[in-house]
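Participant: This is the structure I want to talk about, given as structure tokens.
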Amino acid sequence: MKTLCSKLLTLTVLGLPTAAMAQSGYTEDRLNQLQQSLSLLTGQIEQLQYRNQQLQQQMEKMQADHEYRLDQLEKGKGGGPRPSTPPAASPPPPSQAGAAPPQGAANASGDQLYHDAFKMLQDGDYVGAEKGFKSFVQRNPQHVLAGNAQYWLGETYYARRDYQNAMTAFAEGYKVYKASPKGPDNLLKLGVTLAVLNRKSDACAVFARFNQDYPRATDLQKRRIEQERQKNVCG
């Protein structure tokens, strides 16, 4: 009986580290899931803000046009639409006419491509989202949402544990779109990805320069940086 109790006690003690490690792994996976969900919610907010900005610009244009028409009516000059650009001296040659879509049409097409890619990301279609965001950045490198698209491209790789391509995408986002709204997130996730790849010293160097590059980052981003520094035992 004493031998049996001793064996049970030994098994229990030996099993404690394994259980603790499993619990730690579960907690970390759960934390990563929550951070991913928070990132997606942030992305939705950013889309809404962008659409609201677009609507605001349209309303301001309509209001300016309305005021112009009223002004023309008061002056007895009719109520024609407000001229946007001076008339062209002569039509372009046939070889150039229609060579590129109007800027507004190009922006509308780019917006739709971005929103479709983000919807695929939300639905877990990471391959489709990757293709969508990559296509968006290639076609619209100067678009106001290009920095966002580059960040989410990195997330499509990270979600599939393709950390090498994720690192490349986040590094490109930080390098090319450093001043974009997603600049801080690109740098943060670059450091996280480097840590996952066991490049701890590089990750710590990235975390160390975060506050220098983005002193006006959100409190949430700064807390995440501090958490990652502690987690990776950065000096």
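Participant: Quick check on my filter: what residues within segment 197-217 are open to solvent by less than 30 Å² (accessible area, probe 1.4 Å), touching a residue at least 24 places away in the same chain (Cβ under 8 Å) and within 19 Å of the chain's Cα centre (by Cα)?
Facilitator: Just the residues of segment 197-217 that are open to solvent by less than 30 Å² (accessible area, probe 1.4 Å), to begin with: 203-204, 206-207, 210, 214, 217.
Of the ones still in play, those that are also touching a residue at least 24 places away in the same chain (Cβ under 8 Å) are 203-204, 207, 210, 214, 217.
Of everything in segment 197-217, those that are open to solvent by less than 30 Å² (accessible area, probe 1.4 Å), touching a residue at least 24 places away in the same chain (Cβ under 8 Å) and within 19 Å of the chain's Cα centre (by Cα) turn out to be F207, F210, Y214, A217.
Participant: Does segment 112-131 hold any residues that are assigned to a helix (DSSP H, G or I) and open to solvent by 10 Å² or more (accessible area, probe 1.4 Å), and which are they?
Facilitator: Residues satisfying the conditions are Q112, L113, H115, D116, K119, M120, Q122, Y126, V127, G128, E130, K131.
Participant: Looking for something outside any helix (DSSP H, G or I), out of contact with any Pro (no Cβ under 9 Å at 6 or more places or on another chain) and in contact (Cβ under 8 Å) with a residue 24 or more places away in the chain - is there at least one such residue anywhere in segment 157-170?
Facilitator: Checking segment 157-170: at least one residue is outside any helix (DSSP H, G or I), out of contact with any Pro (no Cβ under 9 Å at 6 or more places or on another chain) and in contact (Cβ under 8 Å) with a residue 24 or more places away in the chain.
Participant: Next up: Let me confirm something: among L153, L187, L194, L220, which residue is surrounded by 23 or more Cβ atoms within 10 Å (Cβ to Cβ), of a type outside the set (V, I, T) and out of contact with any Gly (no Cβ under 9 Å at 6 or more places or on another chain)? First the steps, then the outcome.
Facilitator: Working: L153 fails: out of contact with any Gly (no Cβ under 9 Å at 6 or more places or on another chain); L187 fails: out of contact with any Gly (no Cβ under 9 Å at 6 or more places or on another chain); L220 fails: surrounded by 23 or more Cβ atoms within 10 Å (Cβ to Cβ).
The conditions single out L194.
The values are calculated or read from the model by the stated rules, or taken from the named source; none is laboratory data. All figures in this text were calculated on a predicted structure; none of them were measured in a lab. As a convention, Cβ positions derive from the backbone with ideal geometry for all residues, glycine included, and neighbour counts pool all protein chains shown. Areas reflect the complete protein model, heavy atoms only, side chains present, ligands, DNA and RNA absent. Shrake-Rupley method; radii C 1.70, N 1.55, O 1.52, S 1.80 Å.
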